[in-house]
Amino acid sequence: MSTVDQQRVRRGRTGLIAHDPSRALDGYTLFTPMFGDGTVYLIDMRGEVVHTWNMPYRPGLYGYLLDDGHLFYGGKVMADLERFEGWTRFKAGAALEADWNGKVAWEVTHPDHHHDARKLRNGNVILLCLRPLPRELHARVRGGLPGTEINGEIYADYLLEVTTGGEIVWEWRSWEHLDFETEVVTLQDRRAEWTHANTVAEMDDGNLVVSFRNISTVVIIDRRTGNVLWKLGSPPLAQQHDPRPLANGNILIFDNGTHRRDHPATFSRVIEVDPRNNAIVWQYTDPALFDFFSPYISGAQRLANGNTLICEGIYGRLFEVTQAGEVVWEYINPYFFDDPARPGVNNRVFRAFRYTEEEIGRARRA
């Protein structure tokens, strides 16, 4: 047996790679290994672990801190994992809130929940969910690899707003509001799913922004009517993740770059889009174009100093860049776990977040 580690990322350097204290935003970075055991890590700028939360579920798929300092966490319920190829990886099933010591304040579960959930400002929870598309609509789904439906089913996304006691108070169904003529599955993707949402987030006005990977589309949904108020598709997007509303009204998006329609190369970038005119007003790509690419997962956070924290999720790479695109902090997740759907281990991270000393102090007191 070879003495060489066969995991490429682990064979290189992990942990803290680089740090420019004069230009990086001082604080703490929170991340959750995507296939981990439910441990959420908080590290300082030196890459040292300062706190962990031990959650009752494996990640489904990440956690983040609420304004009051509590941890909001999506957990993977280990049942009904065989719906279709991929469901094992991105199914969730539970959303909960825990204090600094991991004590759970409340928990909601739903068998259709996947990828994302957020606590809303009204105290309720929005769940990203998925279920079979009505059979009479199958013929309207365009694109994808022919014959790749799963047992005759095509799945599609819907949203549920629930109370922390589990009561459903609002529902939105993608097939009732999206356009089958323009929302076309990428030709290389399977028809087991039409939309494949990966993000739901609340905007300042209470409306919701949602990312649909398989149709390379981000939309803003009117919470009152359910209507789509704004849409950005392909191009410029290519199987994006994590649209985050910014204070200036723009939206920050991790544009993964798989199956681009407007460029022959596959590369990732982070873009800031002005929804008033769909202009890209800022973007980050690596100076060596192919050195930054995560075909799946990933995200980005605009920091208080104007820098951007980027999660290149497939490789567990977390790094901070300036407005000019210069790297001022970099860390490689050193925790590796088995992928439940294919052989081998990886250090993937779905999303990561930077918090200030003040925010972490609030979390400790909460």
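The values are calculated or read from the model by the stated rules, or taken from the named source; none is laboratory data. A quick note: this is a predicted structure, and the numbers were derived from the prediction, not measured. Heads up, the Cβs are rebuilt from the backbone with ideal geometry, glycines too, and the neighbour counts pull from every protein chain shown. All accessible areas refer to the heavy atoms of the entire protein, side chains included, with ligands and DNA or RNA removed. Shrake-Rupley method; radii C 1.70, N 1.55, O 1.52, S 1.80 Å.
Do we find a residue being assigned to a helix (DSSP H, G or I) and open to solvent by less than 10 Å² (accessible area, probe 1.4 Å) anywhere in the range 76-87?
Yes, some residue in the range 76-87 is assigned to a helix (DSSP H, G or I) and open to solvent by less than 10 Å² (accessible area, probe 1.4 Å).
If I ask for residues that are open to solvent by 30 Å² or more (accessible area, probe 1.4 Å) and either assigned to a strand (DSSP E or B) or touching a strand residue (DSSP E or B) at 6+ places or on another chain (Cβ under 8 Å) (or both), which ones from the range 150-162 would you list?
Ile150, Glu153, listed by residue number.
Could you look through the range 196-254, keep only residues that are among the basic types (Lys, Arg) and in a loop (DSSP other than H, G, I, E, B), and pick out the one that is nearest to the chain's Cα centre (by Cα)?
Once the filter is applied, the top-ranked residue is Arg213.
If Asn101 passes every condition in (1) surrounded by 13 or more Cβ atoms within 10 Å (Cβ to Cβ); (2) assigned to a loop (DSSP other than H, G, I, E, B) but one, which one does it miss?
Tallying (1) surrounded by 13 or more Cβ atoms within 10 Å (Cβ to Cβ); (2) assigned to a loop (DSSP other than H, G, I, E, B), Asn101 fails exactly one: (1).
Could you count how many residues in the range 104-118 are open to solvent by 20 Å² or more (accessible area, probe 1.4 Å) and hydrophobic (A, V, I, L, M, F, W, C)?
3
State the number of residues belonging to the range 203-213 that are touching a strand residue (DSSP E or B) at 6+ places or on another chain (Cβ under 6 Å) and either open to solvent by 10 Å² or more (accessible area, probe 1.4 Å) or more than 18 Å from Glu181 (Cβ to Cβ) (or both).
Final tally of qualifying residues: 7.
In the range 176-187, what count of residues is obtained for those that are more than 22 Å from the chain's Cα centre (by Cα) and either open to solvent by less than 40 Å² (accessible area, probe 1.4 Å) or among the polar types (S, T, N, Q) (or both)?
Taking the range 176-187 as the starting set, the residues that turn out to be more than 22 Å from the chain's Cα centre (by Cα) are 176-177, 179-182, 187.
After this cut, where a residue has to be either open to solvent by less than 40 Å² (accessible area, probe 1.4 Å) or among the polar types (S, T, N, Q) (or both) as well, the list is 180, 182.
Matching residues across the range 176-187 total 2.
Considering the range 337-366 alone, what residues qualify as being more than 19 Å from Arg10 (Cβ to Cβ), open to solvent by 50 Å² or more (accessible area, probe 1.4 Å) and in contact with a helix residue (DSSP H, G or I) (Cβ under 8 Å, 6 or more places away or on another chain)?
If the condition is that a residue be more than 19 Å from Arg10 (Cβ to Cβ), open to solvent by 50 Å² or more (accessible area, probe 1.4 Å) and in contact with a helix residue (DSSP H, G or I) (Cβ under 8 Å, 6 or more places away or on another chain), then Ala341 is the only one that fits.
Results for (1) of a type outside the set (Gly, Ala, Ser); (2) within 18 Å of the chain's Cα centre (by Cα); (3) modelled with pLDDT of 95 or more, shown as yes or no for each residue.
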| position | (1), (2), (3) |
| --- | --- |
| Gly75 | no, yes, yes |
| Glu82 | yes, no, no |
| Arg89 | yes, yes, no |
| Glu107 | yes, no, yes |
| Leu120 | yes, yes, yes |
| Ile126 | yes, yes, yes |
| Glu136 | yes, no, yes |
| Val141 | yes, no, yes |
| Gly152 | no, no, no |
